[in-house]
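Structure first, then comments.
The values are calculated or read from the model by the stated rules, or taken from the named source; none is laboratory data. Keep in mind it's a predicted model, so treat the numbers as computed, not measured. No Cβ is skipped: glycine too gets one built from the backbone with ideal geometry, and neighbour counts run over all protein chains shown.
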Amino acid sequence: MPRLIADRPVLSSTSELGRVMAAAKAREAAGERVLHLERGEPDFDTPPHIVEALAQAARDGYTHYPDSRGEITLREALAAKLARENHIVAHVDDLVVTAGGTHGLYLTMQALLSAGDEVLVFAPHWMAIPKLVGFAQGATYRTLPVYLALQSGEWDDAAFEQHLRAAIAPATKGLYVNSPNNPTGVVLTRAQSQVIARVAIERDLWVISDEAYEHLLFDGATHTSIASLPGMAERTVSVFTFSKSYAMTGWRVGYVVCPPALRSVFGPLLAFYTTHGVFPSAQIAARAAVTSPQACVEDMCRAYDERRRLLLDGLAGCGAITVPAPKGSFYVFANVAGARAGRDVWTLIDEWLSLGVAALPGTAFGPGFDDWVRLALCTRREDVSEAARRLAAHHAAAARA
Ligand SMILES: Cc1ncc(COP(=O)(O)O)c(C=O)c1O
């Protein structure tokens, strides 16, 4: 029998998010109220001018087979946005519109990886990454815990460079980097990005730069696109999405900036033979999103910031849970070593569910994160405050007992 894709162990692993969501749903079916801090999906509606642009485009006939690389007017608008915001100089032929960031990452792994190749994945990492690597036949991944050491100051730039160099093996073909990071909210500094660039050039590596949360920045943090650094455009695939910045998760629109060496591969081959492009009306609406004033993005970012502060304030002084302040994304990665007290992290997740708080265990984001829990800020501010209140009260009571 030929081997099935599903036989690859990495592809048959179960989803922690699915488990938490099912448990939350069962409680809701039993009449309990659950505060949803487990899902990383904006709770805002897509801004009305974007919805209107979709309707108009559909009426205007943008309903036929798309260019598999993406509508040229969208790619032109994206090239202007990349130059303006990301300082990436990209030719429209090196931009490919994808069915969201997930599809962009899938195509990236397919384009870059062969059997025997390894991706070094900075961890903790978005849950989907191991599977996205696993779809590339014979490719593997290895995690390098980076973000918490940088966040805590345990690693300065020199230590980061040293650890990164030491982690690279002969099979390492590329690095997967995600800033702002899901789940920690760490935003790599320009100097840290320069470290990555230096090592990538020295060791001749690809960089897969996942910039899904580029617009969600707090406390004056700034976003550096690695492809904008000298010598990096030709070895970086930058992956972007409309899902998070514009609350467009269901629209499935993202884009990839490829090095010119991949020009013939990405759009004409990979995008064509996977989805044959993206619904053209959705692309015209995405163009409206990038070319209109960005007030909607700023408003949503402000709302996430407010929720972030409510959560940090609500858990301040709760000895059992310590929360480093995230600088970006809409997640908070909380250290729960005190709350877990040596128990399995799932015992703690279930305990929190019994309080009506749904969260994801750190183990979903790579090995070695048993002492961590991700809380997503994608629910009303009242629910965020209430979740913090319940957790703080519960652990204060547990400490007294
Ligand atoms: C780090 C990261 N990259 C990419 C994505 C992909 O998002 P989408 O496929 O909706 O564009 C996500 C979604 O959660 C994410 O967290």
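Quick look at the values:
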{"read-out": "Output for the stretch 263-287, where each listed residue is of a type outside the set (Phe, Trp, Tyr), under 23 Å from the mean Cα position of the chain (by Cα) and assigned to a helix (DSSP H, G or I)", "value": "Gly267, Leu270, Ala271, Thr274, Ala282, Gln283, Ala285, Ala286, Arg287"}
{"read-out": "Test: residue in the stretch 118-132 that is more than 14 Å from Ser209 (Cβ to Cβ), surrounded by fewer than 17 Cβ atoms within 10 Å (Cβ to Cβ) and away from the ligand (no atom under 16 Å from the Cβ)", "value": "no"}
{"read-out": "Test: residue in the stretch 67-77 that is within 16 Å of the ligand (Cβ to nearest atom), hydrophobic (A, V, I, L, M, F, W, C) and crowded, with 18+ Cβ neighbours inside 10 Å", "value": "yes"}
{"read-out": "Residue check, Asp210 modelled with pLDDT of 95 or more, crowded, with 19+ Cβ neighbours inside 10 Å and under 21 Å from Glu234 (Cα atoms)", "value": "yes"}
{"read-out": "Test result for Ala227, more than 25 Å from Pro170 (Cβ to Cβ), hydrophobic (A, V, I, L, M, F, W, C), modelled with pLDDT of 95 or more and not in a loop (DSSP other than H, G, I, E, B)", "value": "yes"}
{"read-out": "Residues (in a helix (DSSP H, G or I) and in contact (Cβ under 8 Å) with a residue 40 or more places away in the chain) located in the stretch 10-51", "value": "Val10, Leu11, Glu16, Leu17, Val20, Met21, Ala23, Ala24, Arg27, His49, Ile50, Val51"}
{"read-out": "Number of positions in the stretch 184-212 that are assigned to a strand (DSSP E or B) and among the acidic types (Asp, Glu)", "value": "1"}
{"read-out": "Segments classed as helices (runs of 4 or more DSSP H), wholly inside the stretch 95-160, with at least 3 members that are closer than 30 Å to Ala286 by Cβ, modelled with pLDDT under 95 and in the same structural domain as Leu11 (by TED's automatic domain parsing)", "value": "none"}
{"read-out": "Meets criteria (of a type in the set (A, V, I, L, M, F, W, C), surrounded by 22 or more Cβ atoms within 10 Å (Cβ to Cβ), under 19 Å from Met300 (Cα atoms) and within 16 Å of the ligand (Cβ to nearest atom)) for Val187", "value": "yes"}
{"read-out": "Selection from the stretch 13-24 of residues that are surrounded by 12 or more Cβ atoms within 10 Å (Cβ to Cβ) and under 18 Å from Thr347 (Cα atoms)", "value": "Ser15, Glu16, Leu17, Arg19, Val20, Met21, Ala23, Ala24"}
{"read-out": "Residue that is farthest from the ligand (Cβ to nearest atom), among those in the stretch 240-268 that are within 23 Å of Arg39 (Cα to Cα) and among the aliphatic types (A, V, I, L, M)", "value": "Ala247"}
{"read-out": "Single residue of Leu188, Leu175, Leu217 found to be out of contact with any Asp or Glu (no Cβ under 7 Å at 6 or more places or on another chain) and touching a residue at least 60 places away in the same chain (Cβ under 8 Å)", "value": "Leu217"}
{"read-out": "Matching residues in the stretch 150-169 - criterion: being among the acidic types (Asp, Glu) and touching a residue at least 12 places away in the same chain (Cβ under 8 Å)", "value": "Asp157, Glu161"}
{"read-out": "Residue match in the stretch 303-310 (condition: assigned by TED's automatic domain parsing to the domain that holds Arg380, in a helix (DSSP H, G or I), modelled with pLDDT under 95 and not aliphatic (A, V, I, L, M))", "value": "no"}
{"read-out": "Complete set of residues in the stretch 294-317 that are under 16 Å from Glu386 (Cβ atoms) and under 20 Å from the mean Cα position of the chain (by Cα)", "value": "Arg307, Arg308"}
